[in-house]
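Written out below as structure tokens is the structure these notes cover.
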Amino acid sequence: MIEKKIADVIVTTVGGIEEDIMKAHGEKFMIGNFNTDDVELHEQGVNRVGNLLIESESYMKFEDLMKPILDKLYVIKKRWAVSDMLREIGLMLDDEDSILFQAAKNNVPIFVPLLLTGVLDFICFCINKIIAILLLMLLKILEIFCLFQLMMIRKVLSHLEGVFQSIMQFLLVYLMEEQSMLCI
């Protein structure tokens, strides 16, 4: 459909992108079923994505392949729109059967709503370890800030609880006095 210019845009998953890149570099997948025991597969060095069975070694090769590609893209430009980045990766594949290659060649944008949910996000995250460390530090600071805020809220609530109890006691005494005055 892409080659015949029928598709104007492609929306896919990160798994579809990863599998396309792996296939373009000669990886072979096996077809299994959706009910295969994942623990048993893992012990055999195989991963299941739906009914697709992928050897763990394929993911290691994928990481080794993608790191230099992403490094090259980072040198060209520091920030990429996902569709632009995928176009550049597609042009590097040089495989007529690749969806990424065909989309890049025919100028069909590919959108991946949740790009950072697969192996690709791990690679992107690890490319610049300093950024990764800074992000982890920032998350830790935010966590501490949130804990501090929670402690302050609890302190205020416990104080308000005491104030609320005093008000309730006062109201009860007042209402009891009013009640006794009505009965006289």
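Kindly provide the set of residues from region 7-59 that are touching a residue at least 60 places away in the same chain (Cβ under 8 Å) and assigned to a helix (DSSP H, G or I), ordered by number. Residues satisfying the conditions are VAL14, GLY15, GLY16, ILE17, GLU18, ASP20, ILE21, LYS23, ALA24, TYR59.
I'm checking my understanding of the structure. Among residues of region 72-93 that are among the aliphatic types (A, V, I, L, M) and under 20 Å from ILE6 (Cα atoms), which one is modelled with the highest pLDDT?
LEU91
Only one of the numbered conditions (1) over 24 Å from the mean Cα position of the chain (by Cα); (2) within 24 Å of ASN107 (Cα to Cα) is violated by MET66, and that is (1). When the criteria are applied in full, GLU96 meets the requirement of being surrounded by fewer than 11 Cβ atoms within 10 Å (Cβ to Cβ), free of Cβ contacts under 8 Å to residues at least 40 places away in the same chain and touching a helix residue (DSSP H, G or I) at 6+ places or on another chain (Cβ under 8 Å).
Of the residues in region 25-47, none is of a type in the set (Lys, Arg) and buried (at least 18 other Cβ atoms within 10 Å of the Cβ). Among the criteria (1) at pLDDT below 90; (2) outside any helix (DSSP H, G or I); (3) not small (Gly, Ala, Ser), the one GLU96 does not fulfil is (1).
Could you list, in sequence order, all residues of region 69-93 that are outside any helix (DSSP H, G or I) and more than 21 Å from the chain's Cα centre (by Cα)? Reasoning before the result, please.
To start, the set of residues in region 69-93 that are outside any helix (DSSP H, G or I) comprises 77-81.
Hit for region 69-93 is LYS77, nothing else.
The values are calculated or read from the model by the stated rules, or taken from the named source; none is laboratory data. Source: prediction; values computed, not measured. Neighbour counts run over all protein chains shown; Cβ positions are idealised from the backbone, glycine included.
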